[in-house]
1. Go through the stretch B:113-162 and name the trypsin sites (Lys or Arg not before Pro) that are in a DSSP coil and have 14 or fewer other Cβ atoms within 10 Å of their Cβ.
2. Count charges around A:Ser91 for me, please; just the other residues with Cβ under 10 Å from its Cβ, Lys/Arg as +1, Asp/Glu as -1.
3. Contour minus end-to-end for A:Thr29 and A:Ile4, with contour as 0.36 nm per residue of separation and end-to-end as the Cα-Cα distance?
4. For the rotation that brings chain A onto chain B, whose beta-carbon in chain A is nearest the axis, and what is that distance in whole angstrom?
5. What FRET efficiency do you get for A:Asn214 and B:Lys220 if R0 is 56 Å and r is their Cβ-Cβ distance, rounded to the nearest 0.05?
6. Please list, by residue number, every one of the GluC sites (Glu not before Pro) in the stretch A:112-218 that is coil in DSSP and has at most 12 other beta-carbon atoms within 10 Å.
7. Over chain A, what is the relative contact order in whole percent, taking alpha-carbon pairs under 8 Å and six or more residues apart?
8. I'd like the distance separating the alpha-carbon centroids of the stretch B:1-23 and the stretch B:64-137, in whole Å.
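Values quoted throughout were computed directly from the atomic coordinates according to the rules given, and no laboratory measurement underlies them. Predicted, not measured: the structure shown is a model, and the values here were computed from it. Virtual Cβ from ideal backbone geometry, glycine too; neighbours counted across all protein chains shown.
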2 protein chains.
Amino acid sequence: MAPIRNGRVLFNAIPRGYPIPGETTVYDTTQVIDIDTAPLLGGFLLKTLVLSVDPYMRGRMYAPGLGDSYTEPFQIGKPLTGFGIGVVVRSETSVVEEESYIYGSTIPHQEYSIIPTLGDLEIIEKHPDLPWSTYLGAAGMPGQTAYMGWKEFAHGKQGETAFITSGAGSVGSMVIQLAKQAGMKVIASAGSEDKVKFMKEIGADIAFNYKTTNTHNMLKHEGPIDVYWDNVGGEMLEMVLKFAAPKGRLLECGLISGTTPPNEVMPYFERLWVSGYNSPSLGIRNLHHLVTKGLTMNGIFLPRLLPKYETEFYNTIPEMLAKGEIKYSADITKGLEKLGDVILAVQKGWNTGKAVVVVAEE
Amino acid sequence: MAPIRNGRVLFNAIPRGYPIPGETTVYDTTQVIDIDTAPLLGGFLLKTLVLSVDPYMRGRMYAPGLGDSYTEPFQIGKPLTGFGIGVVVRSETSVVEEESYIYGSTIPHQEYSIIPTLGDLEIIEKHPDLPWSTYLGAAGMPGQTAYMGWKEFAHGKQGETAFITSGAGSVGSMVIQLAKQAGMKVIASAGSEDKVKFMKEIGADIAFNYKTTNTHNMLKHEGPIDVYWDNVGGEMLEMVLKFAAPKGRLLECGLISGTTPPNEVMPYFERLWVSGYNSPSLGIRNLHHLVTKGLTMNGIFLPRLLPKYETEFYNTIPEMLAKGEIKYSADITKGLEKLGDVILAVQKGWNTGKAVVVVAEE
């Protein structure tokens, strides 16, 4: 077979503010690949099927050596990388069989990749009734974050009250459903009427638009809050600290960290990585409630939870998703050439549901 | 026996700023009591032996109905109350025997009290080699806070690093020793050279005066911090968040909560209750480290921990104190008439070690 196009999304320039398609990233079609003969050097050839677009990606668009960020920056002139799934076309390693599927957080944003070793990538199997895109959302990293964070830290009890921010997102929407399954009263917030509607559909007892509703009064009347799923930080967190129940559990998934403390380099990109937002905020001024109410605050760092819960997750969640016992929302875009537009849309919050780019059908 | 003086320390006026002896509180000698015949009405007569003076007491010196403080205000014209120990002189209740000792957080600040019912007070036994004052410090509430908070939340491991603020205080000094017993490297801070010396004597590997040493550089070179015992909050907490190790545990015992958030009444006294300090502070601006490092932050609220650890505490700690296996420091003042001065000294931070007033020898 003759060489074919190997489309790629290259990191082209460090953005100032929002990443602009065609400037920050460019879709490049100059590379070709002969999938039958390209040398694998002991590795394997992966055909990319689906790629995840996430808020944290903005956080990797900075110059090397700047700050003490824990994520590596993208390299100018090289393809972006991120969560994705592909199918193995050819393999020269016994660890990876042809036609097997590979999942991981370092999949290059190109149609075909020659990968030297499995490394941190995983071989993954798909539920027959779910599309691969689901494995980047409800059955992937966001769903795992929700499921494992909840299991480890929420200790939700029948009759208690949970409050979930960004409740229409791929993490928050699963948390709403886990809280309902635990028999809790669920309050959920998001930033549009469409999202409020969706949160009610998936079971939130009280869903509100924080842009048009007074959150303080809402929590005052519907609280106190036993479990808080924090996707936003900032003043919302302060209000929850105020209206937290004694022994309340605060699960920190995303925080607007606000202004930079003295002696600390924490540039825009890192705040964005964590928050998915870019509005500045003051610090949290009422952490004394931690002491006076005996509260617990846990940061949800998925790599720490995966070893304990990964098998359980894959054994239960895909089946529940396939049966409709857990609902989810995905925002699918077809074509790698659109990936730059999806990056911007995710930064702007235009997507409804988990943003996934389908690069190729099987 | 003829009636004798029953000296009392009365709450006289709400202070503006520091509580002034003779103004905020007055020592009153107008009341007399006949300890043989005073009617007990089914209760018991307690002779006060020792009283604890604590930072939180300033937080009870406010007008009733102001704010949403969880502590009751002292009543103007009535004696202060607080942690203390007394001996039962007479009793009309079968629950309390004569010559037994009573411990609790609501002991009136007067020489003799008629107490209608045991309520939340406890009968307490003393180790023969320890003075009663110890049961208000290392063997009392501060020691319990240190011991139970550490046991529940620190999970300190051999070779890890602990950082303890206010390390010369009655809580912090025990935490230093618990951390050393766990095989940890211990960094400790306090605000004077005398306190630094004491912290080294009780085992801190690195002890420093935060007023004269750059904490940021200290933590940068001696960290990262696996376990943080937070007695102060504020910028110190921000620095620890920055230099926390992955999976670090932050134990929140006292926080400078800083400026008042919108919609939240949190007056001076409540901040003071929690912090024992009165310097204002901005909020905490880098809680995103909770997420990116998977940190845990637990508020230490003693009433929640007592049921689990109280028996174990009394079975082990007094013996270790008596043997010198745990060292402690007490600042003993004799005479109830001096109690107002001790309150001011504690607010000013002049005391070294747990402040206790000895009202009477047995």
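1. Numbers: sites: B:Lys126, B:Lys151, B:Lys157; in loops: B:Lys126, B:Lys157.
The qualifying sites are B:Lys157.
2. -3
3. On the way: separation 25, 0.36 × 25 = 9.00 nm, distance 1.00 nm.
Fully extending the segment from A:Thr29 to A:Ile4 adds 8.0 nm.
4. Closest Cβ on chain A to the axis mapping it onto B, in Å: A:Gly283, 1.
5. Details: r = 43 Å, r/R0 = 0.76.
Efficiency at R0 = 56 Å is approximately 0.85.
6. Working: sites: A:Glu122, A:Glu125, A:Glu152, A:Glu160, A:Glu193, A:Glu201; in loops: A:Glu125, A:Glu160.
Taking the stretch A:112-218 and a limit of 12 other Cβ atoms within 10 Å, the loop GluC sites (Glu not before Pro) found are A:Glu125.
7. Values: 798 pairs, mean separation 71.0, N = 362.
RCO, chain A: 20 percent.
8. 17 Å
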